[in-house]
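The values are calculated or read from the model by the stated rules, or taken from the named source; none is laboratory data. These numbers were taken from a predicted model, which means no experiment stands behind them. Note: ideal-geometry Cβ built from the backbone for every residue, glycine included; neighbour counts use all protein chains shown. The accessibility values were calculated without ligands, DNA or RNA, using every heavy atom of the protein model including side chains. Shrake-Rupley method; radii C 1.70, N 1.55, O 1.52, S 1.80 Å.
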Amino acid sequence: MLDVALLDRLVRRLAASLAPPAGPLWPFRVDGRVVGEIDPARAMALARFADVFVVEAQEVRFASRLVDAAGRSAAVAAVAKALAHEGRLTAWRDEFYAVGSNPDGTPLLQLERAAARYFGIRTFAAHVNGTTRRDGNVAMWIARRSPRKAIDPGMLDNLVGGGIAAGASVADTVVKEAWEEAGLDAATARQARCVGRVEIRRCQPDGLHRETIFVHDLELPDDTVPSNRDGEVVGFRLATPDEAAWLAANESGPDVVTADASLVIADWLMRHGFVPWDTPAWTALDRLRRGGRPT
């Protein structure tokens, strides 16, 4: 069991980092469905693209001429490039997210990943808690992100984690990211068990971060040493459950875990018996992993 004071720190850190939006957000509608949420300033910046968007009555929707996924995708791609040129987006990815569907479903449109938070769309990701045994006790692999990453550069992270691109499945993403980020082959990656999901909805400098993370557990052989392949991770370390909780609760210095990875770690600690279920900390963390506020 984790120390009560450490659990309180973990709850406070996650409650602050994952606080839901405080200001107004306007719906972004496609075919009558709300597929995104945009703050008023960003929404009004879209009004000049009158051939693509209608911005009125505190909502954003496509112009009536854009009636299918292909047309919408092409039109919003041109807008996204203009926004990127103006410095309104994070680094361009040349990767698309499906909008208005599950990751491998039929989308209402596709959107460049760098623009996802600007339009406040719901994105999907797959994360893997990689654990092993050291001296007979469980230990968790923690990765350090490259300082060149567009989002959360240099911060600590789960062993494997990545966004699910349009047309890709959760399982496909785990296999792809496990190889690129940790050098784990496909046979090993397929042993990862999907154990649930956590939800994030918070405002960030680049817009609304609204994401469903499919959480996986993967127990690795004692002699496994992760090795990055794509340059997006610069190192790995092993942490005991107490150390993992301390890192997830930490808010300053070089050893800060990303907010979403911290929530995934907290979920692992809860499921593996390190957080007593009949405590205020459990209740608060459970609300946070469901995308709500702690009491």
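Hey, Arg229 hits all of (1) over 23 Å from Ala114 (Cα atoms); (2) outside any strand (DSSP E or B); (3) touching a Phe, Trp or Tyr at 6+ places or on another chain (Cβ under 8 Å) but one; which does it fall short on?
(1)
Select from the range 237-295 the residues that are basic (Lys, Arg) and within 16 Å of Met1 (Cβ to Cβ) and list them in ascending order.
Within the range 237-295, the subset basic (Lys, Arg) is 237, 271, 287, 289-290, 293.
Across the range 237-295, the qualifying residue is only Arg271.
Of all the residues that make up the range 134-179, how many are touching a Gly at 6+ places or on another chain (Cβ under 8 Å) and more than 14 Å from Phe214 (Cβ to Cβ)?
Step one: of the range 134-179, the residues touching a Gly at 6+ places or on another chain (Cβ under 8 Å) are 140-141, 143-148, 158-160, 173, 176-177.
Imposing the further condition that a residue be more than 14 Å from Phe214 (Cβ to Cβ) reduces the set to 140-141, 143-148, 159.
Looking only at that region, the number is 9.
Of all the residues that make up the range 81-91, how many are out of contact with any Phe, Trp or Tyr (no Cβ under 8 Å at 6 or more places or on another chain) and of a type in the set (Gly, Ala, Ser)?
Residues flagged as out of contact with any Phe, Trp or Tyr (no Cβ under 8 Å at 6 or more places or on another chain) and of a type in the set (Gly, Ala, Ser) within the range 81-91 amount to 2.
When the residues of the range 215-226 are filtered to those that are part of a loop (DSSP other than H, G, I, E, B) and in contact (Cβ under 8 Å) with a residue 60 or more places away in the chain, which remaining residue is nearest to the chain's Cα centre (by Cα)? Before you say what the answer is, go through the steps one by one.
At the first step, the residues of the range 215-226 found to be part of a loop (DSSP other than H, G, I, E, B) are 220-226.
Right, trim to in contact (Cβ under 8 Å) with a residue 60 or more places away in the chain and you get 220-222, 224, 226.
Numbers: Leu220: 23, Pro221: 27, Asp222: 28, Thr224: 26, Pro226: 21 Å.
Filtering first and then ranking leaves Pro226.
Please list, ordered by residue number, the strands (runs of 3 or more DSSP E) wholly in the range 125-203 having 2 or more residues that are touching a Leu at 6+ places or on another chain (Cβ under 9 Å).
Numbers: elements: 137-145, 156-158, 160-163.
It comes to 137-145.
So that you can scan it fast, the table gives a plain yes or no per residue for (1) open to solvent by less than 30 Å² (accessible area, probe 1.4 Å); (2) of a type outside the set (Asp, Glu):
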{"position": "Gln204", "(1), (2)": "no, yes"}
{"position": "Asp223", "(1), (2)": "no, no"}
{"position": "Val233", "(1), (2)": "yes, yes"}
{"position": "Ala261", "(1), (2)": "yes, yes"}
{"position": "Phe274", "(1), (2)": "no, yes"}
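Picking from Arg72, Arg42, which residue would you name as being under 25 Å from the mean Cα position of the chain (by Cα), within 14 Å of Leu109 (Cβ to Cβ) and at pLDDT 95 or above? Spell out the reasoning first.
On the way: Arg42 fails: within 14 Å of Leu109 (Cβ to Cβ).
Being under 25 Å from the mean Cα position of the chain (by Cα), within 14 Å of Leu109 (Cβ to Cβ) and at pLDDT 95 or above holds for just one of Arg72, Arg42, which is Arg72.
Can you name the number of the only condition in (1) in contact (Cβ under 8 Å) with a residue 24 or more places away in the chain; (2) over 30 Å from Asp222 (Cβ atoms); (3) more than 18 Å from the chain's Cα centre (by Cα) that Met140 fails?
So the condition that Met140 fails would be (2).
Looking at (1) free of Cβ contacts under 8 Å to residues at least 24 places away in the same chain; (2) open to solvent by less than 20 Å² (accessible area, probe 1.4 Å), which is the one condition that is false for Tyr97?
(1)
Test Asp278 against the stated conditions and say whether it is loosely packed, with under 14 Cβ neighbours inside 10 Å and in contact with a Lys or Arg (Cβ under 6 Å, 6 or more places away or on another chain). Give the steps one after another, and end with the answer.
On the way: loosely packed, with under 14 Cβ neighbours inside 10 Å: yes; in contact with a Lys or Arg (Cβ under 6 Å, 6 or more places away or on another chain): no.
No.
When you look at Phe214, is it more than 19 Å from Pro147 (Cα to Cα), open to solvent by 10 Å² or more (accessible area, probe 1.4 Å), among the aromatic types (Phe, Trp, Tyr) and at pLDDT 95 or above, yes or no? Steps first, please.
Values: more than 19 Å from Pro147 (Cα to Cα): yes; open to solvent by 10 Å² or more (accessible area, probe 1.4 Å): yes; among the aromatic types (Phe, Trp, Tyr): yes; at pLDDT 95 or above: yes.
Against the criterion (more than 19 Å from Pro147 (Cα to Cα), open to solvent by 10 Å² or more (accessible area, probe 1.4 Å), among the aromatic types (Phe, Trp, Tyr) and at pLDDT 95 or above), Phe214 qualifies.
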